[in-house]
Each structure stands twice: as C-alpha cells, then as structure tokens.
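Participant: One structure follows; several queries about it will come next.
The values are calculated or read from the model by the stated rules, or taken from the named source; none is laboratory data. All values reported here derive from a predicted model rather than from experimental measurement. As a convention, Cβ positions derive from the backbone with ideal geometry for all residues, glycine included, and neighbour counts pool all protein chains shown. Ligands, DNA and RNA are stripped out before the accessible areas are found, and what is left, the full protein with its side chains, is counted by its heavy atoms. Shrake-Rupley method; radii C 1.70, N 1.55, O 1.52, S 1.80 Å.
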Amino acid sequence: MQRAPAFVLSAIALSGALACGLAQAAEPVIGLITKTETNPFFVKMKEGATAEAKKLGAKVVSAAGKTDGDNAGQVTAMENLIAAGATTILITPSDAKAIVPAIKKAQAKGVMVIALDSPTDPVDATDALFATDNYKAGELIGRYAKAALAGKKPVIAMLDLHPGHPVGAQRHNGFLKGFGLQANDAKSNELSRPAEVVCMADSFGDRAKGQTGMENCLQKNPDINLVYTINEPAAAGAYNALKAAGKDKGTIIVSVDGGCAGVADVGKGAIAATSQQYPLRMAALGVAAGVEHAKTGKKVSGYTDTGVTLIAAKAVPGVDSKDVKTGTDLCWGAK
C-alpha cells in the first residue's frame, strides 16, 4: 500500500510555487514549517506570519508535519521550500535533533533558518530562536499550583509532549522547579520525576491523547489532585477524563499556551491557570527578519524571548498573575 504523504502543504502548493517561478519573484519568499496544521497554536502562528508578510511585501509559503513528531515531513517540506526559492525558513522543530542535518543543508545554500517556539538540539543549529522562555512558563504554573493546593499533599500527574523534546522538558522541569520539587535545569532534555509525581504520560499536545493519558493515570492512582499539561488541548482532554470520573471538582489543572479557547477554559474553571505565550509575535519577528535578510543579506542571531504571562481566574498569594479578561485581550497577540 502506498504511504500517504508525511507533510501537508498549505497556502500555496509548492508545485505551483515552482511553476510560477517564486525564486525569480520580486517579493521575498519566506517559508514557514509548523509541527502540524491543525493545532490552534500553529494556525495562529501562520496567521501572524501571513499578516506580517503582507504588510512588508513578502510572500509566505507554509508547510506542516502530518503529526507532532513528524520529522520526515518537515525535512521534505524544507527541501521543497528551498527549491521554491525561500531565502528564509521559519520552523517549529518536531524533532529537535533529527531536523539538524536538514537545517545545515539549507544554511549551506544561503538560507537563513529561524526556529520559532521550539529550539533545536543544539540550540545554535539555527541562526536564531524566537520563543517563549518555556522553563519560566513551567515555573509560573508550578508556583501557582503550589499556592492553590494550600498545603495539601501533592499527588501529581504530568501529561507531557513526547520524549526528548526541549520544549516538553523545559515546561515539565520548570513546573517542578516552580512547585519546589526536585527538577533538572533548563538545559536538560530529561524529565525529572520526584516521588510526588505518581504518573507521567505522553500526550503529543493532543486532546484525545491527553484524555487517554489522564484516564490511564487515574487507573494507576485515583487520588491525583494536581495535573500538569504540556498545552491546553491536552488540558481539555484531561478535564474530560476527570469529569467523567467525577473528579473534576477536586483536581487542579495547570497548563501552557494562553490561546483564546484555553483562556476561556480558565474562565470556566476547567483549567486553574495557564502560562500565556505569543505566537503572533514569534511569527511577525521571524518574517520581519526574513525580509531584512532578503533585502540586505543581514542575518539575525541568538535568542529572543517573546514573553510569557500567567493567566488565572483566581489570584493566589505570592504569585503574580493576570485575570481572564486580560488573557482574552492578549490571547496569542503581540506583546
């Protein structure tokens, strides 16, 4: 049986881009490769890139992996974008290590490569990184969770991304650090597991997998009272599982993303608090850098922190947070 393509192209089919001779076009061509095309975070990132490109007189050609973790799809997309004349490629790496050889090939051909949201491993494999401080994002929800438990013994479930990914590790370990538990530092891609963590599951940032992971965790330990989730789709799945088990009222869920739907879930009480990040700003900065590179040859370098804000329905002592209205006003916008 012939396999389905491992990547999804959007906005402009790359074959059409080639036929139109984008490499010869007057307007700069900026490639955008996200982990998936369906995750709301990456949908918003694409919107931000497209809007900034229109403002600056550039063209965005976008591609995405079939699923989170689809490195082969991202490699193929990168090769096609180079052939289509992209002078800069913005990428949210699905596999931080495996994507590096493809990035090096692109750079050898003069293409500037910028990581958005997720770093590569090593971080300096790309020319620059525009992203949330994910360790800090984890620390914020960890501090909030500790205060919200108000002295109760923590029985923790952690719904992670997938093994070895820097973003997953930084948020996970940052959460534990913020809570005051043993945790690896921000440079480690290994997930810490102190005794208070009774269950860990890989959600791949997916709602259905988050629900399954939470169901399995509840089977292992029905006394879970605190749930960390890698993002808000996973949090929504966890909440569904807790509600079905009649445990939603006594369990705190914290997360990271700060999308409009996630902030709404904070307002509804499904999520206690979330660390809000700003994909529109990541995308806008990446496109602007790409246009500058196309016009002058200048390349950006290093890490740019695109900001993070804790959003909570209820403030807790000693932890700085913003309310749901503020989170709604900011949701994924430029900060």
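Participant: About its Cα centre, how strong a charge dipole does the chain have in debye, to the nearest 20, once Lys and Arg get +1 and Asp and Glu get -1 at the Cβ?
Facilitator: The calculation lands at about 260 debye.
Participant: With the cut-off at 1.5 for a/c, could you classify the range 30-81 from its C-alpha gyration tensor as rounded, prolate or oblate?
Facilitator: The shape class here is oblate.
Participant: Among residues other than residue 301 whose Cβ falls under 14 Å from its Cβ, what is the net charge (Lys/Arg +1, Asp/Glu -1)?
Facilitator: Result for the neighbourhood of residue 301: -1.
Participant: Another question, then. After finding the eigenvalues of the alpha carbon gyration tensor for the range 70-217, what semi-axes result from the square roots of 5 times each, listed largest first in whole Å?
Facilitator: That gives 34, 16, 11 Å for the three semi-axes.
Participant: Another question, if that's okay. Write down, largest first, the equivalent ellipsoid semi-axes of the range 185-278 in whole Å, where each equals the square root of 5 times an eigenvalue of the alpha-carbon gyration tensor.
Facilitator: 19, 18, 12
Participant: Taking the convex hull of the Cα atoms, report for the chain its projected area averaged over all directions, in nm².
Facilitator: Seen from a random direction, the Cα hull of the chain projects 17.0 nm² on average.
Participant: Where the only charges are on Cβ atoms (+1 Lys, Arg; -1 Asp, Glu), what is the dipole of the range 142-264 about its Cα centre, to the nearest 20 debye?
Facilitator: The calculated dipole for the range 142-264 is roughly 360 debye.
Participant: Hey, another quick one. Over the chain, average the accessible area per residue using a 1.4 Å probe and give it in Å², no decimals.
Facilitator: Per-residue value: 42 Å².
Participant: Helix-derived [θ] at 222 nm for the chain: sum -39500 (n - 2.57) over DSSP H runs of at least 4, divide by residue count, nearest 500?
Facilitator: Taken over the chain, the calculation gives -12500 deg cm²/dmol.
Participant: Carbon and sulfur together cover what percent of the accessible area of the chain at a 1.4 Å probe radius?
Facilitator: C and S atoms contribute 53 percent here.
Participant: Using the crude model of +1 on Lys and Arg Cβ and -1 on Asp and Glu Cβ, and no other charge, please compute the dipole size for the range 71-160 relative to its Cα centre, in debye to 20.
Facilitator: It works out to roughly 360 debye.
Participant: What net charge is computed for the residues neighbouring residue 77, neighbours being all others with C-beta under 14 Å from the C-beta of residue 77, Lys and Arg scored +1, Asp and Glu -1?
Facilitator: 0
Participant: Hey, can you grab everything whose amide H is under 5 Å from the amide H of residue 202? Only 5+ residues off in sequence or another chain; H modelled, so Pro and N-termini drop out.
Facilitator: Amide H neighbours of residue 202: 160.
Participant: Binned at 5 Å from 0, what are the whole-percent values of the Cα-Cα distance distribution for the range 174-233, short to long?
Facilitator: 4, 17, 25, 24, 21, 8, 1
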